[in-house]
1. Extension gain residue 129-residue 3, at 0.36 nm per residue separation less the Cα-Cα distance, in nm?
2. Read through the labelled values [x] 222; [y] 131; [z] 119 and report the label of the one computed as volume of the Cα convex hull per residue in Å³ from the structure.
3. As a check on your grasp of the helix formula, calculate [θ] at 222 nm for the chain: sum -39500 (n - 2.57) over DSSP H runs of n ≥ 4, divide by the residue count, round to the nearest 500.
4. Given the Cα-Cα distance of residue 259 and residue 241 and 0.36 nm per residue of separation, how much length would full extension add, in nm?
5. Taking Cα pairs under 8 Å and at least six residues apart, what relative contact order does region 4-88 come out at, in percent?
6. What's the FRET efficiency of residue 276 with residue 63 using the Cβ-Cβ distance as r and R₀ = 45 Å, to the nearest 0.05?
7. May I ask you to sort 13, 105, 114 by Cβ crowding, counting other Cβ atoms within 10 Å and putting the fewest first?
8. Give me the number: length gained by fully extending residue 72 to residue 35, i.e. 0.36 nm times residue separation minus the C-alpha to C-alpha distance, one decimal in nm.
């Protein structure tokens, strides 16, 4: 059986073009490289090089052998990576979600459900990318703002987020139990315009002149915590995270559809793990 090291040397020589360049890349001497090439010819049972006094080049056999060597090395790398990923998945639960608000809540539940495993999380606003990662095995579970309808996927509702408004305490509306979106059109409100579900909902329901979009959460938060009081859209996830900016009150939005429902999905083969999480929701 041909040693992988010989194939690596052959591939490097074919790419480098000369013994000196290949030996330098491989951190071996030229005599060692030449000896390895002779051994490879013996293993294959055919000449692979044309040799002159000062040069060695691949012949037709050698070019074909180099192509096979590259292919085998790529397959070996792919096998190694795949097996390593399979082993990591035995000890890891990975969760990707379209919403930051679900990360803290669901991460805590996953840690409770799987105390023996490492929990990794990531944020991805694109539903299509999340589904692709799930189907390809790059994520154990995903959270989306719409149910995933796919024959290989198990999907269930996991989290509901309700819209609220941050109102400066000195404003009369801060004393109300709730506010409708119609009532809010008289004001300009900060919105974290990250292209997520809340951003789409607000822009559909509110006139553009009432929206002060911020490109990032940090910008949004900086304006909230500045010395100038502002109005801002927020959700009850901030209350769960114990975020309470000084000088403001959280007022619920009374519109019936002013909430977002999220779904957790996994491959059907991981349904047992998903049900363990679902039992804690």
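Values in this text are rule-based calculations from the coordinates and carry no lab data. Note that the structure is a prediction, hence the values are computed from the model and not measured. Quick reminder, even Gly has a Cβ in these numbers, built from the backbone with ideal geometry, and neighbours come from all protein chains shown.
1. Using 0.36 nm per residue and subtracting the Cα-Cα distance, I get 41.4 nm.
2. Read-out taken from this structure: [x].
3. Value at 222 nm, helices only, nearest 500: -13500 deg cm²/dmol.
4. So the extension gain works out to 4.7 nm.
5. 31 percent
6. Computed FRET efficiency for residue 276 and residue 63: 0.25.
7. 114, 105, 13
8. 11.2 nm
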